[in-house]
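One structure is given here, and the rest of the page talks about it.
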Amino acid sequence: MDSNGALLPFLTKCLLICVTLLSCSTCGSSAKSSRRPNILLILTDDLDVAIGGLTPLKKTKKLIGDAGISFSNAFVASPLCCPSRASILTGKYPHNHHVINNTLEGNCSSQAWQKSEEANTFPALLKSRAGYQTFFAGKYLNQYGHTEAGGPEHVPPGWDFWVGLVKNSKYYNYTLSVNGKAQKHGEEYSKDYLTDVLANMSLDFLQYKSNWQPFFMMVSTPAPHSPWTSAPQFQDSFKDVKAPRDPNFNVHGKDKHWLIRQAKTPMSNSSVQFLDDAFRKRWRTLLSVDDLVETLVKKLEARGELENTYIFFTSDNGYHTGQFSLPVDKRQLYEFDIRVPLMVRGPNIKPNQTSQLLVANVDLGPTLLDIAGLDVSKTSMDGTSFLPVMEGKTNSSSWRTDFLVEYEGEGRNVSDPACPLLGPGVTDCFPDCVCEDSYNNTYACVRTVAPSANLQYCEFDDNEVFVEVYNVTSDPYQLTNIAKTIDQEVLEKMNHRLMMLQSCAGKSCRTPGVYDTRYRFDPRQMFSSHSWRLRRLSQRMK
């Protein structure tokens, strides 16, 4: 990358700031040794955990998971890139940050988002309140760099060094905003393959940053998002691999909402071949991510900074390849789309740990602020710091038992010309006209993980007022919707908790341990939420 010359403006800024910082009176060895921990967040794009997404990442598992803690119940508040990334940055549920899907109309990187939320993201707080030096490289929000969102010239507040991908994930032929200046890349592997470019820019930051400030780095890879373009050395990997044939693969979702029921079962041979090929390509792109992780860990170790650095590895959402006969996408309420990997290593985290406690992407921001010594209770974030969990200082009985998943579908007032029979309002239609999203794919769920219950309760804002409920302990593949057979008291309890969560903000979202056998439903409390929830509950209680 250095020979390309593309990083010279970036490195020049690094060097100038370093010279300035090193001239200050507090840059002695005592300041360096007593500074707060560094933080590195590696965010992948569409990386599942339910269908084997971690399998290719052997180095990552060894260097982060085995060296620290892995969370087996990590989820996202919305299974789609832009609302999920907004939740990570703000520590808020979508109903509070108002990013509802990947479109500008859905508030993705819109001017409204910039005015209301960007100044209060956790990176901005790390910089302004904790004195962290901050670095971003990779995919930010899907509509970043759009002309209506300020173009590549817009650099979100809170970042000392900014390398933002314009719009959605690509591997070649893309534009980066390097500190507000557009930098175009072509299709030459040695200079342009995006995962490697991000690795090289991250190494340059580590080489030239100041040595007395703590730093926060966020590296957001395109992989394994489509178009699934691997590095040339990995193009022949995993030749015999196929998408997992789990019990929910290529079966009809007969008791699920209409968007699932419209999928054709069994899938055609061409559709199966398509998704098997996509599955292999996704894994191939992850081999470059694995190399990126190894490169950064080795660099931190060589600089003597690894032991004072927290390293987080996660994804913005999960993914599916053939589950319930849906070809390839996310956006659904099921485990394969909402469950994500989360591994962390760092100071005071013992190696080879696994936690079953429920954590969500809204908790990342509060946790990073907690690491930096900031008081999360003085922010408007909905999430909770799980730093005490990682350090073994939390009693599981006092930890939260449930959280909110919500999504508002795309496709309103549009139709897919390739699939006219389904009519307007559908989008992301794949082979055989199986559509992955629609305007009324609008739902909210409460996901409960407690000693006495492992449940998911979901409500749709559609003409069917549809409800889906799953006992994930007895039915881990969510084959059977038990909404019509579950005990009425449990149904009412989960409906009430869903309404409370969808109207929560800040502290009221952080109430721990709400699911237990002592709870009793109080219908007088249900009139504080959204009208479609009230309508649905009244219909079900008749």
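Within the range 423-438, the set of residues being touching a Ser or Thr at 6+ places or on another chain (Cβ under 8 Å) and surrounded by fewer than 17 Cβ atoms within 10 Å (Cβ to Cβ) comprises Gly423, Pro424, Asp432. Got a number for residues in the range 436-465 being in contact with a Lys or Arg (Cβ under 8 Å, 6 or more places away or on another chain) and more than 21 Å from Cys504 (Cβ to Cβ)? Going through the range 436-465 one residue at a time, the tally reaches 5. If you go through the range 441-465 and pick out every residue that is assigned to a loop (DSSP other than H, G, I, E, B) and either within 24 Å of Met267 (Cα to Cα) or modelled with pLDDT of 95 or more (or both), you end up with 2.
Residues satisfying the criterion are present in the range 215-226 (criterion: farther than 30 Å from Arg280 by Cα, assigned by TED's automatic domain parsing to the domain that holds Tyr310 and in a strand (DSSP E or B)).
Going through Thr442, Thr448, Thr427 one at a time, which residue ends up being under 19 Å from Tyr319 (Cβ atoms) and either in contact (Cβ under 8 Å) with a residue 12 or more places away in the chain or among the hydroxyl-bearing types (Ser, Thr, Tyr) (or both)?
Matching residue, one of Thr442, Thr448, Thr427: Thr427.
Among all residues of the range 244-252, there is none that is surrounded by fewer than 16 Cβ atoms within 10 Å (Cβ to Cβ) and either touching a helix residue (DSSP H, G or I) at 6+ places or on another chain (Cβ under 7 Å) or aromatic (Phe, Trp, Tyr) (or both).
Can you go through Asp277, Asp290 and tell me which one is closer than 22 Å to Val49 by Cα and either in contact with a Cys (Cβ under 6 Å, 6 or more places away or on another chain) or without any contact (Cβ under 8 Å) to a residue 60 or more places away in the chain (or both)?
Asp277
So that you can scan it fast, the table gives a plain yes or no per residue for (1) assigned to a helix (DSSP H, G or I); (2) out of contact with any His (no Cβ under 7 Å at 6 or more places or on another chain):
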position	(1), (2)
Ile64	yes, yes
Ser84	yes, yes
Lys92	no, yes
Thr103	no, yes
Asn107	no, no
Trp113	yes, yes
Ala119	yes, yes
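Cβ-Cβ contacts under 9 Å between residues 6 or more apart (or on different chains), taken from a first residue in the range 90-108 that is within 18 Å of Thr427 (Cβ to Cβ) to a second residue that is part of a helix (DSSP H, G or I) and acidic (Asp, Glu), are listed as Leu104/Glu148.
Residues are listed down the side, and each one gets a yes or a no for (1) farther than 24 Å from Leu47 by Cβ; (2) in contact with a Gly (Cβ under 9 Å, 6 or more places away or on another chain):
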site: Gly164; (1), (2): no, yes
site: Tyr172; (1), (2): no, yes
site: Ser190; (1), (2): yes, no
site: Met217; (1), (2): no, no
site: Ser230; (1), (2): no, no
site: Phe249; (1), (2): no, yes
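Scanning the range 460-510 for residues that are within 17 Å of Trp258 (Cα to Cα) and of a type in the set (Asp, Glu) yields Asp461, Asp462, Glu464, Glu468.
Gln183 fulfils the conditions (1) of a type outside the set (Val, Ile, Thr); (2) at negative phi; (3) touching a Lys or Arg at 6+ places or on another chain (Cβ under 8 Å) except for a single criterion, (3).
Across the range 148-199, what is the number of residues that are closer than 19 Å to Ser288 by Cβ and either charged (D, E, K, R) or assigned to a loop (DSSP other than H, G, I, E, B) (or both)?
Summing the residues that are closer than 19 Å to Ser288 by Cβ and either charged (D, E, K, R) or assigned to a loop (DSSP other than H, G, I, E, B) (or both) in the range 148-199 gives 15.
Of the residues Phe216, Phe274, Phe234, Phe238, the single one that is in contact with a strand residue (DSSP E or B) (Cβ under 6 Å, 6 or more places away or on another chain) and at pLDDT 95 or above is Phe216. Being part of a helix (DSSP H, G or I) and in contact (Cβ under 8 Å) with a residue 12 or more places away in the chain is true of Pro123. Going by what's in this entry, would Asn361 be described as outside the structural domain of Gln478 (by TED's automatic domain parsing) and either in contact (Cβ under 8 Å) with a residue 60 or more places away in the chain or of a type in the set (Gly, Ala, Ser) (or both)? For Asn361, the condition - outside the structural domain of Gln478 (by TED's automatic domain parsing) and either in contact (Cβ under 8 Å) with a residue 60 or more places away in the chain or of a type in the set (Gly, Ala, Ser) (or both) - is met. The criterion of being at positive phi and under 26 Å from the mean Cα position of the chain (by Cα) holds for Trp228. Summed over the range 164-179, residues that are within 19 Å of the chain's Cα centre (by Cα) and crowded, with 23+ Cβ neighbours inside 10 Å total 3.
The values are calculated or read from the model by the stated rules, or taken from the named source; none is laboratory data. Source: prediction; values computed, not measured. In this analysis, Cβ positions are derived from the backbone assuming ideal geometry, glycine residues included, and neighbour counts consider all displayed protein chains.
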